[in-house]
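Read the structure below first, then the notes.
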Amino acid sequence: MNIFTQGLETERMYLVPLHEKYTEDMFQGLDEEVTKYMTVSPYNDISLLPELETRVTKTLQEIKEHKKIVLAGIHKESSEFLGVFSIS
């Protein structure tokens with residue numbers, strides 16, 4: 001199995017390859033509380049959305065080059081976006 005293209009499945013969630021369609025969910029979730037111990041700053045202003053879109057595009061290229069593994073967590077029952085999981 002290739003997790004770069006197929007992802008993983010757990011009892012309660014799907015871990016799927018990162019995709020541009022999750023950018024808005026990521027934007028909404030990267031607030032001050034979530035980013036407190038992260039190297040990324042909170043995205044608390046809509047004017048910062050293009051910056052996040054650029055980061056996602058760069059990350060997608062790194063995934064294609066097999067430099068990173070980045071998966072989005074999706075709740076099985078509700079299809080709710082849970083977050084992003086990365087291995088560099």
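The values are calculated or read from the model by the stated rules, or taken from the named source; none is laboratory data. Nothing here was measured: the structure is a model prediction, and the numbers come from that model. Neighbour counts are summed over all protein chains in view; Cβ atoms, including those assigned to glycine, are modelled from backbone coordinates with ideal geometry.
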A careful count of residues in segment 19-39 that are more than 13 Å from the chain's Cα centre (by Cα) and aromatic (Phe, Trp, Tyr) gives 1
If Ile3 passes every condition in (1) at pLDDT 80 or above; (2) closer than 13 Å to Phe85 by Cβ but one, which one does it miss?
(1)
